[in-house]
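The values are calculated or read from the model by the stated rules, or taken from the named source; none is laboratory data. Owing to the predicted nature of the structure, the values given are computational and were not obtained by experimental measurement. No Cβ is skipped: glycine too gets one built from the backbone with ideal geometry, and neighbour counts run over all protein chains shown. Remember, those area values only see protein heavy atoms, side chains included, never the ligands or the DNA or RNA. Shrake-Rupley method; radii C 1.70, N 1.55, O 1.52, S 1.80 Å.
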Amino acid sequence: MKAIHMYGAGDVRSIDVPDPALENGTDAIVRVVRACVCGSDLWPYREMPAGADGQAMGHEAIGVVEELGRDVHGLRRGDLVVMPMFAADGTCGFCREGAPYGCERITFFGRAGFAGAQAEAVRVPFAAANLVRVGAEADDALLASLLTLSDVMGTGHHAAVVSGVKAGDTVVVVGDGAVGLCGVIAAARRGAERIIVLGRHRDRTDLAREFGATDVVSERGEEAAQRVRELTAGTRGAHAVLECVGTEEATATAIAVARPGAGLARVGVPHYPAVPQAMTAWVKNLRVGGGPTPVRAYLDELLPDVLDGTIRPGRIFDRTVGFDGVSGAYAAMAGRDALKVLIAP
């Protein structure tokens, strides 16, 4: 079958690999119907040292169940399913406590040598605990929105949950990428009264407004923080801040725009050694959280809203390619010529 592997910075290839096979009774084989390139995939695309073996790529997919291990219950061959970005066993203490990111048997797709979702098929460990049956016919638009539930929409929702967004709040979303836009959707869904998105790409911020953003700030750094402080003079900053980029500058800005006692969610993969402005965050008594999103924990809540059209996060996809176009998709996203690219095998 075809799969996408990365062999170093800028070196993404579609190659032939063996078809996946069941290895354990809890496995399922899923034929991938839609996958995509994630913003986090761009970090190795820019920085990965060259290597002979390469790394399978991708952690976002929806697909159709083709094979089931003997111990998998609740799923059938032919089911359309959403595959979360990582698989947890569903039975350990952390999983039972609703913290699957702490599972000792966790498997991240497209990481540490494990198969990726940018492929024609993928083996899913602990299938019953992770795969969620859609139970509906889906056209292209619905498939795109369902795909976001495997990561970015769940991550935007996670940011809103961790930061404590509630009805009537003023919220700042740092970043106009896919996760930031899904954070706008999530904040609006939870009843935020004012949503300020920090971004400078007109097509993205226009979409953010359609998703529920009330204000756009295009400045960066201290200028952005000053502009937000002007906009939020009545509340003296944001009640909740969603940091959806992962850079030191973005995090410093997020801390600067938060009002005392605010919640700060850091869901952008961090690319800095320590959280900046630690003293400022301490003085403000900020509640800081975030990390890998427990996608499966949110699927039962978000899936109905996607199925009935209450939210349409699939609109973040602005380009579709087959496997032959994936290398160009990475280049387009890295060059900010595409927001998020959908892969249709």
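Checking Val64 against (1) open to solvent by 30 Å² or more (accessible area, probe 1.4 Å); (2) touching a strand residue (DSSP E or B) at 6+ places or on another chain (Cβ under 6 Å); (3) free of Cβ contacts under 8 Å to residues at least 40 places away in the same chain, only one condition comes out false. Which one?
It fails just one condition, (1).
Quick one: count up the residues across the stretch 1-23 that are assigned to a loop (DSSP other than H, G, I, E, B) and either of a type outside the set (Val, Ile, Thr) or under 22 Å from the mean Cα position of the chain (by Cα) (or both).
Start the filter on the stretch 1-23 by keeping residues that are assigned to a loop (DSSP other than H, G, I, E, B), which leaves 1, 9-10, 17-23.
The next check asks that each one be either of a type outside the set (Val, Ile, Thr) or under 22 Å from the mean Cα position of the chain (by Cα) (or both); those that pass are 1, 9-10, 18-23.
Number satisfying all stated conditions: 9.
Could you say which residue among Arg133, Arg111, Arg123 is surrounded by 22 or more Cβ atoms within 10 Å (Cβ to Cβ) and within 21 Å of the chain's Cα centre (by Cα)?
Working: Arg133 fails: surrounded by 22 or more Cβ atoms within 10 Å (Cβ to Cβ); Arg111 fails: surrounded by 22 or more Cβ atoms within 10 Å (Cβ to Cβ).
Being surrounded by 22 or more Cβ atoms within 10 Å (Cβ to Cβ) and within 21 Å of the chain's Cα centre (by Cα) holds for just one of Arg133, Arg111, Arg123, which is Arg123.
Which of (1) surrounded by fewer than 24 Cβ atoms within 10 Å (Cβ to Cβ); (2) within 20 Å of Leu286 (Cα to Cα) does Gly183 not meet, given it meets every other one?
Of the numbered conditions (1) surrounded by fewer than 24 Cβ atoms within 10 Å (Cβ to Cβ); (2) within 20 Å of Leu286 (Cα to Cα), the odd one out for Gly183 is (1).
Taking the stretch 83-103 only, how many residues are of a type in the set (Ser, Thr, Tyr) and open to solvent by less than 20 Å² (accessible area, probe 1.4 Å)?
0
In the stretch 197-227, which residues are surrounded by 16 or more Cβ atoms within 10 Å (Cβ to Cβ) and acidic (Asp, Glu)?
Asp215
Against the definition (touching a residue at least 12 places away in the same chain (Cβ under 8 Å), of a type in the set (S, T, N, Q), surrounded by fewer than 19 Cβ atoms within 10 Å (Cβ to Cβ) and within 22 Å of Gly156 (Cβ to Cβ)), how does Thr320 come out, yes or no? Explain how you work it out, then say what you get.
Working: touching a residue at least 12 places away in the same chain (Cβ under 8 Å): yes; of a type in the set (S, T, N, Q): yes; surrounded by fewer than 19 Cβ atoms within 10 Å (Cβ to Cβ): yes; within 22 Å of Gly156 (Cβ to Cβ): yes.
For Thr320, the condition - touching a residue at least 12 places away in the same chain (Cβ under 8 Å), of a type in the set (S, T, N, Q), surrounded by fewer than 19 Cβ atoms within 10 Å (Cβ to Cβ) and within 22 Å of Gly156 (Cβ to Cβ) - is met.
Conditions (1) closer than 19 Å to Leu131 by Cβ; (2) among the hydrophobic types (A, V, I, L, M, F, W, C), marked per residue:
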{"site": "Gly8", "(1), (2)": "no, no"}
{"site": "Ser14", "(1), (2)": "no, no"}
{"site": "Val30", "(1), (2)": "yes, yes"}
{"site": "Cys36", "(1), (2)": "yes, yes"}
{"site": "Met57", "(1), (2)": "no, yes"}
{"site": "Val64", "(1), (2)": "yes, yes"}
{"site": "Tyr101", "(1), (2)": "yes, no"}
{"site": "Ala112", "(1), (2)": "no, yes"}
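Name the helices (runs of 4 or more DSSP H) wholly inside the stretch 174-292 in which the number of residues that are out of contact with any strand residue (DSSP E or B) (no Cβ under 9 Å at 6 or more places or on another chain) and in contact (Cβ under 8 Å) with a residue 60 or more places away in the chain is 2 or more. Quick ask: steps written out before the conclusion?
On the way: elements: 178-189, 202-211, 221-231, 248-257, 278-283.
Those helices (runs of 4 or more DSSP H) span 178-189, 202-211.
For the stretch 1-56, which residues satisfy the criterion of being β-branched (Val, Ile, Thr), more than 29 Å from Gly177 (Cα to Cα) and buried (at least 22 other Cβ atoms within 10 Å of the Cβ)?
If the condition is that a residue be β-branched (Val, Ile, Thr), more than 29 Å from Gly177 (Cα to Cα) and buried (at least 22 other Cβ atoms within 10 Å of the Cβ), then Thr26 is the only one that fits.
Could you give me the residue pairs with C-beta distances under 8 Å whose first residue belongs to the stretch 96-118 and is among the acidic types (Asp, Glu), whose second residue is not in a loop (DSSP other than H, G, I, E, B) wherever it lies, and which are 6+ apart or on separate chains?
Correct list of pairs: Glu104/Phe94.
Only one of these is surrounded by fewer than 18 Cβ atoms within 10 Å (Cβ to Cβ) and touching a helix residue (DSSP H, G or I) at 6+ places or on another chain (Cβ under 7 Å): Glu249, Glu301, Glu230, Glu243. Name it.
Values: Glu301 fails: touching a helix residue (DSSP H, G or I) at 6+ places or on another chain (Cβ under 7 Å); Glu230 fails: touching a helix residue (DSSP H, G or I) at 6+ places or on another chain (Cβ under 7 Å); Glu243 fails: surrounded by fewer than 18 Cβ atoms within 10 Å (Cβ to Cβ).
Going through Glu249, Glu301, Glu230, Glu243 in turn, just one is surrounded by fewer than 18 Cβ atoms within 10 Å (Cβ to Cβ) and touching a helix residue (DSSP H, G or I) at 6+ places or on another chain (Cβ under 7 Å): Glu249.
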